[in-house]
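First up is the structure itself, then whatever we jot down about it.
The values are calculated or read from the model by the stated rules, or taken from the named source; none is laboratory data. Keep in mind that this is a model prediction, so the values were computed, not measured. Note: ideal-geometry Cβ built from the backbone for every residue, glycine included; neighbour counts use all protein chains shown.
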Amino acid sequence: MQHRHLLPNEIDLLLDSEVGFGLAPLRAHVDTCSECRRHLDDARVVVDALDALPRFAPAPSFAPRIMAGVQVVEPWHVALVATAKRLAPRSAPMRAVMAVSAGVLALGISSAAVWLSFRTDVAVYLGGLVNERLRAVLVTGLTDAVRGLFGDGALAAFSSQGSNALLLGAVVLVAAGASAAFGLRALATASRRARE
């Protein structure tokens, strides 16, 4: 131990008054080395000062107040289990009814998927039917929106130009709505800053 001074963790061992196999050489080194003895005495002064400090406990509302400002992200699987527990009935018979209902529903969906996978002609037909109905609903909705917003004259102008003009009109309408929303947001922000 004569060739080096004590390391901080070795001084900590001596401060803690530990009893062990490797402490005797450390104590012997402190007895012979004035610099290590000075470091040990300085560390003892700090430890004694820390021990003399009064003990403080936070207020009971401290932790809830701090945690109210902390955003805790719950993992998806924990949220899923919590939601399932919340939705599950409390009584055993109702849980059994719910489990049977879920099993029947899963079996029905699986059977329909297997049947459709072997009957691609039916799947293609149903896909086309859904596409056609969806397109009809969208066109009817856009036509009613243009008629309601701009009148029958604008609708006649759009329909004479074809679907491109209708698409262009929808884009202009969305752009106008978006610019109005951003303008209102800018006004609200400016008003809030003016009040501060």
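Restricting attention to the stretch 85-103, does a residue exist that is free of Cβ contacts under 8 Å to residues at least 24 places away in the same chain, part of a helix (DSSP H, G or I) and hydroxyl-bearing (S, T, Y)? Yes, the stretch 85-103 contains a residue that is free of Cβ contacts under 8 Å to residues at least 24 places away in the same chain, part of a helix (DSSP H, G or I) and hydroxyl-bearing (S, T, Y).
Determine if the stretch 124-142 includes at least one residue that is touching a Leu at 6+ places or on another chain (Cβ under 9 Å), modelled with pLDDT of 80 or more and on the phi < 0 side of the Ramachandran plot. Yes, some residue in the stretch 124-142 is touching a Leu at 6+ places or on another chain (Cβ under 9 Å), modelled with pLDDT of 80 or more and on the phi < 0 side of the Ramachandran plot.
Applying the selection to the stretch 100-117, what residues are at pLDDT below 90 and either at positive phi or surrounded by 10 or more Cβ atoms within 10 Å (Cβ to Cβ) (or both)? Those that are at pLDDT below 90 and either at positive phi or surrounded by 10 or more Cβ atoms within 10 Å (Cβ to Cβ) (or both): A112, A113, V114, W115, L116. If you scan the stretch 6-39, which residues turn out to be among the polar types (S, T, N, Q) and either under 25 Å from D51 (Cβ atoms) or in contact with a Lys or Arg (Cβ under 6 Å, 6 or more places away or on another chain) (or both)? The answer is N9, S17. In the condition set (1) assigned to a helix (DSSP H, G or I); (2) over 25 Å from the mean Cα position of the chain (by Cα); (3) not assigned by TED's automatic domain parsing to the domain that holds L13, A57 is compliant with all but (1). Among residues of the stretch 54-77 being loosely packed, with under 10 Cβ neighbours inside 10 Å and aromatic (F, W, Y), the one that is nearest to R4 (Cα to Cα) is F56.
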